[in-house]
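The values are calculated or read from the model by the stated rules, or taken from the named source; none is laboratory data. For clarity, every value in this text was computed on a predicted model and none was experimentally measured. A quick note on method: Cβ atoms are made from the backbone with ideal geometry, for glycine too, and the neighbour counts reach across all protein chains shown.
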Amino acid sequence: MKVAIASGKGGTGKTTIATNLAVTLAGKGKTVQLLDCDVEEPNCHIFLKPEIESRIPATVLMPEVIEEKCTGCGICGDVCEFSAIAVVKGKVLIFPELCHGCGACTLFCPEDAFLEVPREVGIIEEGKAGGVRFIHGLLNIGELMSPAVIHSVKKAADETGIVILDSPPGTSCPVIAAVKDADYILLVTEPTPFGLNDLELAVGMVRTLDIPFAVAINRSDVGNEDVKEYCKREKIEIVLEIPNDRRIAEAYSRGEMVIHALPEYQKTFETCWTKITDLHGNTLQAGQQGKTATES
Amino acid sequence: MGIRCKQDNKEKQQRKVNIMKEIVVISGKGGTGKTSIVAAFAALAGKKVLADCDVDAADLHLVLNPKIERREDFSGGKKAKIREDECIACDRCIEECRFDAIQYPVLGNGKTADTPYIDPIFCEGCAVCVRVCPVEAISFEPVVNGEWYTSSTNYGPMVHARLGMAEGNSGKLVTQIRREAREIAERDGLDYIIVDGSPGIGCPVISSITGADLVLVITEPTLSGRHDLLRVAQLTAHFRIPTIVCVNKWDLNPDITEQIEGEAQEHGIKAAGRIRYDSAITEAQIMKTSVVEYTGGAVSGDITAVWQNVLYALG
């Protein structure tokens with residue numbers, strides 16, 4: 001089962017929940033993989049402190065011109081929708097940062113004058129800590145293709161056991177790349193006007209993707225009741241509430257896991273997981289029933 | 001006479017361009033307080049235009065309460081769509097799509113559709129399918145994936161946007177917002193463009209900072225904040241943009257605050273001041289006002305000092 005931890009607003013506690021859930025479950029003897037898909041600013045490793053066992057480049061395919069074959073016809077430039085190729089005076093110029101790796105230039109070159117070569121856009125690191133198999137990606141500085149690095153992180157995981165996935169903040173392409181094939185999404189928010197506004201956006205995204213989800217409220221006793229009222233109105237389950245405990249903030253600032261600094265919170269994460277699996281089970285059942293109903 | 005006049009205009013324009021400064025507030029790590037601080041700057045700065053470039057999760061409007069005066073569709077690009085009645089289901093498009101965006105959908109009755117469908121969420125807009133289709137059954141049209149607005153607020157003009165659900169191309173939308181803000185600043189002879197950026201170091205952030213006069217990084221005294229600041233520092237160095245840093249909620253961990261400021265200094269990033277932890281920041285948000293208007297307390301003094309340092313850094 002793959003559960004993505006996501007949020008519209010940044011800094012709501014995605015990493016705290018992802019790392020503490022993963023280590024709690026591993027402590028219960030489960031097979032757990034933690035994927036940090038926030039490749040622009042990954043933070044899970046700060047808390048998990050994994051021993052890195054392998055490091056491989058994350059690449060995208062980029063065209064390279066075989067000069068001897070190129071006739072300078074300009075078709076590659078015409079078919080590139082991303083302005084990543086310009087043909088000037090019969091010479092092909094490629095702008096790597098703009099290339100989306102769609103393969104149009106290679107496919108439509110009448111002379112077969114393109115090779116596709118891997119270009120590094122980030123690094124994938126893999127390791128272990130606290131019984132958790134850990135994988136994260138780091139986008140190279142100045143690169144635009146976060147989704148490519150996210151795909152590489154996900155490819156490095158296997159399909160066994162529980163996969164907890166820490167998503168980047170927001171609602172656009174990197175987030176979609178991270179959460180699109182999750183079985184369940186946990187949307188983390190805080191009970192403030194910004195938290196509510198960004199939760200509504202995230203709910204819109206998740207509903208567009210048609211993935212079952214629930215909400216976690218961090219610092220649940222600050223702000224106001226609007227987030228809870230919104231969830232009630234929208235019939236969204238709240239499966240986790242973490243209070244505004246200064247000790248949590250301090251442990252977080254030092255890079256300590258909540259369940260280690262404050263073991264009394266272990267139960268909170270266990271309960272959260274039980275609720276997620278129950279809700280997910282219900283959705284599966286409902287889907288099955290729906291299917292049987294239409295078939296009969 | 002005509003020539004003279006033209007020259008005067010040119011000089012005038014030049015002067016305006018020279019005076020106007022663009023400040024971009026980013027953070028690397030999300031949730032460090034960018035938007036609350038930008039809202040406070042809105043109340044503190046003189047003649048300015050505000051630009052909310054956190055188009056994924058725009059929040060500045062919740063505090064500044066803009067009155068929308070102009071509304072424009074945003075199209076980030078084109079997307080492919082199969083005309084079912086013309087499709088011969090040869091699967092050429094499926095074979096060549098590198099983004100796994102084309103599939104035969106499973107219908108409500110459990111059966112598979114007769115023709116494939118391009119999921120707009122995953123369509124990258126490369127048009128490879130359009131070009132390989134032997135019967136030209138795929139259209140390729142610009143899609144609207146957001147809206148942007150120019151608005152008036154009690155603090156001056158504001159440019160902001162709303163990206164559609166699950167849409168990409170946020171970088172292009174950021175560029176559009178900044179261009180519009182610049183036009184307004186030039187037209188009205190404003191002194192500052194204050195940009196609220198997005199978290200991370202990827203596409204929308206790069207689009208927000210390129211060519212700006214100053215980047216102010218808001219971070220927090222945590223190991224995560226420190227880690228993310230160092231990546232942002234590399235990014236602004238890569239694009240050669242002068243950068244200063246402010247530690248928000250600094251008293252949560254004074255040791256890490258000092259560590260962050262020291263390391264930033266090593267990267268040529270000066271400290272722009274510290275802001276203490278104060279629940280007034282959240283309270284102001286709930287009251288839909290800026291913190292400096294909500295309270296005359298110490299936290300407002302901290303933010304005012306940071307704004308003074310921004311002005312100093314702009315020279």
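If the requirement is being of a type in the set (Gly, Ala, Ser), in contact with a helix residue (DSSP H, G or I) (Cβ under 8 Å, 6 or more places away or on another chain), surrounded by 17 or more Cβ atoms within 10 Å (Cβ to Cβ) and modelled with pLDDT under 95, which of these qualifies: B:Ala39, B:Ala57, B:Ala45?
Details: B:Ala39 fails: modelled with pLDDT under 95; B:Ala45 fails: modelled with pLDDT under 95.
So the residue among B:Ala39, B:Ala57, B:Ala45 that is of a type in the set (Gly, Ala, Ser), in contact with a helix residue (DSSP H, G or I) (Cβ under 8 Å, 6 or more places away or on another chain), surrounded by 17 or more Cβ atoms within 10 Å (Cβ to Cβ) and modelled with pLDDT under 95 is B:Ala57.
Just wondering, is there one or more residues in the range A:6-16 that are over 30 Å from A:Thr283 (Cβ atoms), within 12 Å of chain B (Cβ to nearest Cβ), surrounded by 15 or more Cβ atoms within 10 Å (Cβ to Cβ) and of a type outside the set (Lys, Arg)? Looking through the range A:6-16, none of the residues is over 30 Å from A:Thr283 (Cβ atoms), within 12 Å of chain B (Cβ to nearest Cβ), surrounded by 15 or more Cβ atoms within 10 Å (Cβ to Cβ) and of a type outside the set (Lys, Arg).
What tally of residues in the range A:157-173 results from selecting those that are buried (at least 19 other Cβ atoms within 10 Å of the Cβ), over 12 Å from A:Gly8 (Cα atoms) and not acidic (Asp, Glu)? Let's see the steps before the verdict.
Filtering the range A:157-173 for residues buried (at least 19 other Cβ atoms within 10 Å of the Cβ) gives A:162-173.
Filter once more, keeping what is over 12 Å from A:Gly8 (Cα atoms): A:162-166, A:173.
Filter once more, so that each one left must be not acidic (Asp, Glu): A:162-165, A:173.
Adding up the residues that qualify gives 5.
Filtered by the rule that a residue be under 16 Å from the mean Cα position of the chain (by Cα) and either at the interface with chain B (Cβ under 8 Å from one of its Cβ atoms) or in a helix (DSSP H, G or I) (or both), the range A:187-204 gives A:Ala202, A:Val203. Restricting attention to the range A:90-106, the residues being farther than 24 Å from A:Cys173 by Cα and touching a residue at least 12 places away in the same chain (Cβ under 8 Å) number 4. Of all the residues in the range B:65-105, those that are in contact with a strand residue (DSSP E or B) (Cβ under 7 Å, 6 or more places away or on another chain) and free of Cβ contacts under 8 Å to residues at least 60 places away in the same chain number 9.
Annotation note: of A:Gly101, A:Gly130, the sole residue that is away from chain B (no Cβ under 13 Å) and modelled with pLDDT under 95 is A:Gly130. Only residues that are over 27 Å from B:Ala212 (Cα atoms) and without any contact (Cβ under 8 Å) to a residue 24 or more places away in the chain were counted in the range B:259-314, giving 12.
Yes or no: B:Ala271 in a helix (DSSP H, G or I), surrounded by 15 or more Cβ atoms within 10 Å (Cβ to Cβ) and at pLDDT 95 or above? Walk me through how you get there before you give the answer.
Details: in a helix (DSSP H, G or I): no; surrounded by 15 or more Cβ atoms within 10 Å (Cβ to Cβ): yes; at pLDDT 95 or above: yes.
So B:Ala271 does not fit the description; no.
Can you name every residue in the range A:261-281 that is in contact (Cβ under 8 Å) with a residue 40 or more places away in the chain and either more than 20 Å from A:Ala4 (Cα to Cα) or not assigned by TED's automatic domain parsing to the domain that holds A:Asn20 (or both)?
The first filter runs over the range A:261-281 and keeps only residues in contact (Cβ under 8 Å) with a residue 40 or more places away in the chain, leaving A:265-266, A:269-270, A:272-273, A:275-277, A:279-280.
Correct list: A:Tyr265 only.
Yes or no, residue by residue, for (1) farther than 26 Å from B:Ala161 by Cα; (2) among the small types (Gly, Ala, Ser); (3) surrounded by fewer than 16 Cβ atoms within 10 Å (Cβ to Cβ):
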| residue | (1), (2), (3) |
| --- | --- |
| A:Leu187 | no, no, no |
| A:Thr192 | no, no, no |
| A:Gly195 | no, yes, no |
| A:Leu199 | no, no, no |
| A:Arg219 | yes, no, no |
| A:Gly223 | no, yes, no |
| A:Ala249 | yes, yes, no |
| A:Glu256 | yes, no, no |
| A:Ile259 | yes, no, no |
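Of the residues in the range A:227-240, at least one is in contact (Cβ under 8 Å) with a residue 60 or more places away in the chain and out of contact with any Lys or Arg (no Cβ under 7 Å at 6 or more places or on another chain).
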